[in-house]
Amino acid sequence: MANVLVLNAGSSSLKFAVVDPASGARAMLGIAQRLGTDEATFDIAVGAETAPTARLDEGSHRAAVAAIVEHADALDAAVRPVGVGHRVVHGGDEFSASVVIDDDVLAAVTRFSPLAPLHNPPALLGIEAVSAHWPGLPQVAVFDTAFHQTMPQHAYRYAVPREWYDDHHVRRYGFHGTSHRYVSGRAAEVLGVDPADLNVVVCHLGNGCSAAAVRGGVSVDTTMGLTPLEGLVMGTRSGDVDPGLFDYLGSVAGLSAAEVTGALNTRSGLLGLSGRSNDMRTVESAADDGDERARLALEVFAYRLAKAVSGLVVALGRLDALVFTGGIGENSPGVRARVVAALGFLGLRLDPDANAAAPRGRSIDVAAPGSPAVLVIPTDEELMIALDTARLVGGGR
Ligand code: ADP
C-alpha cells in the first residue's frame with residue numbers, strides 16, 4: 001500500500017506523520033507547536049534522523065503545512081505520500097465513515113464548527129493549506145464522531161425539549177471514535193475471535209478520556225456527548241456535572257456561562273481535584289507521597305470510570321473484555337487495578353503480576369483465569385487514519 005500523510009490539527013498545534021498503512025511504519029513524523037504566536041516551532045524526524053527544533057517564521061497552520069509538504073516532497077518516491085488523511089473532530093450526524101474531501105464535506109465540517117470550536121476550524125485550515133501547497137493530492141476526512149453514529153436513539157438522545165434536537169442537532173455524538181474502532185478491532189485479533197462475536201468496553205484514557213460499548217464491532221454507547229466535555233473525569237475536564245451549576249455560579253460568583261464552561265474544560269478534572277497537575281504521572285506520584293488531594297483525584301477518577309463501565313455493560317448485555325488504551329490506560333497499572341477492583345461484581349479480576357509487568361507498546365491480557373479478558377492495547381489513531389485514506393484514495397497520485 002502507498003504511504004499516507006496524516007495530519008492532526010489542534011488549535012495551536014499540528015501533528016503529522018507519513019505512515020505506511022500496511023506496516024504502520026513512519027517514514028517521517030513531527031509536530032508544529034505554538035501556532036498563532038511569534039514563537040511557533042517545528043520538530044521533525046525523517047527516518048531515524050531527528051532534526052533540531054526549528055522556528056516557523058510565519059507561525060500559521062498554513063506555514064506549518066508548507067514546511068511539512070516540503071519535507072514530504074523530498075522523501076524517496078517509494079515512501080512519498082499519495083494522499084492526506086485529516087483527523088476531523090466533529091462530523092455531526094452527517095458522517096458515519098471516513099470520506100474523500102470535496103466542497104460538500106468542507107461545508108459540513110464548517111457547519112459543525114460551533115460544536116468543536118477548538119478543533120474543526122484548524123482542521124479546515126490544514127485542508128485548505130494542503131490544497132494550496134499540494135494541489136490535486138486527494139484528501140480524506142476521518143471523524144472522531146463517525147464510529148458512534150451506530151448508537152441507537154435511546155443512547156444518543158437527551159431528554160430535553162424536542163426542538164433543540166430538531167432545530168439545533170442537540171444530541172450525543174461521542175468522540176475518540178477512531179481509537180475505539182481501532183482498539184476494539186485489535187481486541188478481537190488479540191483474543192482470536194470474530195469481531196461480530198465480541199462485546200467489549202473500551203476505555204480510552206489520555207488527556208481526554210472516554211469509554212465506549214462496542215457490540216459485535218459496532219459502537220452502541222459512549223460516555224462523551226454533544227461535546228467532549230461529557231462523561232468521565234479527564235486531565236483538565238470535569239466530565240459530568242449538574243447543569244444547575246451554571247445558574248448557581250452565576251448568582252453566587254457572578255460567573256458567565258462561558259466562564260463556567262471554560263473552567264470545566266481547562267481547570268477541572270485531575271487538575272481541579274488535585275490542585276497540582278492534569279498529568280496522571282504527577283498525580284500518582286504525589287498520591288504515593290501522601291498528598292491527600294492527589295489521592296482523592298485518583299479515587300474520583302477510578303470510581304467514576306468504573307461506574308461508567310458498568311453502565312455501558314447495560315448496552316452490551318454481556319461483557320467479554322474490558323480494554324484499556326491511551327497514555328493512562330496503557331501505562332498505569334495502578335489505574336487499571338483500581339477500576340477492575342471496583343468491577344469485581346462483573347466477574348472481572350486482574351492477574352496482579354501480569355498487570356504490573358504489562359510491557360510498553362504491546363497488547364496483552366492481564367486478567368486472572370476465569371475473569372472476562374482485561375486487555376491493554378496500544379492505540380494507533382494515525383494508522384487507522386492512514387488505512388482509511390489508502391482505502392479511499394487507492395494507490396495512485
Ligand atoms: P493525548 O490524549 O493527548 O493523546 P496521551 O494518550 O498521551 O494523551 O495520554 C496522556 C496521559 O497519559 C497523561 O495523563 C499522562 O500522565 C499519562 N501517562 C503517560 N505515561 C504514564 C505512566 N507511565 N503512568 C501513568 N500515566 C501515564
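Below is a table of values for the structure above.
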| read-out | value |
| --- | --- |
| Odd one out for Asn207 among (1) of a type outside the set (D, E, K, R); (2) at pLDDT below 95; (3) buried (at least 21 other Cβ atoms within 10 Å of the Cβ) | (3) |
| The lone exception for Leu249 - which of (1) within 16 Å of the ligand (Cβ to nearest atom); (2) farther than 20 Å from Ser210 by Cβ it fails | (1) |
| Leu298 buried (at least 20 other Cβ atoms within 10 Å of the Cβ) and within 11 Å of the ligand (Cβ to nearest atom) | yes |
| Residue check for Val190: in a strand (DSSP E or B), more than 27 Å from Ser277 (Cβ to Cβ), more than 16 Å from the ligand (Cβ to nearest atom) and of a type in the set (A, V, I, L, M, F, W, C) | no |
| Residues located in the range 298-333, provided they are among the basic types (Lys, Arg) and touching a strand residue (DSSP E or B) at 6+ places or on another chain (Cβ under 8 Å) | Arg318 |
| Sole residue being within 24 Å of the chain's Cα centre (by Cα) and more than 24 Å from Leu226 (Cα to Cα), chosen from His71, His61 | His61 |
| Val241, sole failed condition from (1) touching a residue at least 12 places away in the same chain (Cβ under 8 Å); (2) loosely packed, with under 14 Cβ neighbours inside 10 Å; (3) within 16 Å of the ligand (Cβ to nearest atom) | (3) |
| Scan of the range 70-90 for residues that are in contact (Cβ under 8 Å) with a residue 60 or more places away in the chain and either crowded, with 20+ Cβ neighbours inside 10 Å or more than 18 Å from Val19 (Cβ to Cβ) (or both), ordered by number | Ala72, Pro81, Gly83, Val84, Gly85, His86, Arg87, Val89, His90 |
| Any hit, the range 313-334, residues being touching a Gly at 6+ places or on another chain (Cβ under 9 Å) and of a type in the set (Asp, Glu) | yes |
| Exclusive hit being surrounded by 19 or more Cβ atoms within 10 Å (Cβ to Cβ), modelled with pLDDT of 95 or more and under 23 Å from the mean Cα position of the chain (by Cα), set Leu350, Leu383 | Leu383 |
| Any hit, the range 156-172, residues being of a type in the set (Gly, Ala, Ser) and in contact (Cβ under 8 Å) with a residue 12 or more places away in the chain | no |
| Residues satisfying the stated conditions in the range 289-330, i.e. hydroxyl-bearing (Ser, Thr, Tyr) and without any contact (Cβ under 8 Å) to a residue 60 or more places away in the chain | Tyr303, Ser310 |
| The listed residue being at pLDDT 95 or above, away from the ligand (no atom under 16 Å from the Cβ) and outside any strand (DSSP E or B), out of Ser219, Ser184 | Ser184 |
| Top-ranked residue of the range 54-69 - restricted to ones that are surrounded by 12 or more Cβ atoms within 10 Å (Cβ to Cβ) and in contact with a strand residue (DSSP E or B) (Cβ under 7 Å, 6 or more places away or on another chain), ranked as nearest to Ser12 (Cα to Cα) | His61 |
| Candidates Glu284, Glu292, filtered to the one that is among the charged types (D, E, K, R), within 16 Å of the ligand (Cβ to nearest atom) and either within 19 Å of Leu232 (Cα to Cα) or at pLDDT 95 or above (or both) | Glu284 |
| Pairs, first part of a helix (DSSP H, G or I) and modelled with pLDDT of 95 or more in the range 266-279, second of a type in the set (D, E, K, R) and near the ligand (Cβ under 10 Å from one of its atoms), C-beta under 8 Å, six or more apart | Leu270/Asp279 |
| Verdict on Tyr156 being crowded, with 22+ Cβ neighbours inside 10 Å and at pLDDT 95 or above | no |
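The values are calculated or read from the model by the stated rules, or taken from the named source; none is laboratory data. Values in this document were obtained by computation on a predicted structure and should not be read as measured data. Here the Cβ is made from the backbone with ideal geometry for all residues, glycine too, and neighbour counts use every protein chain on show.
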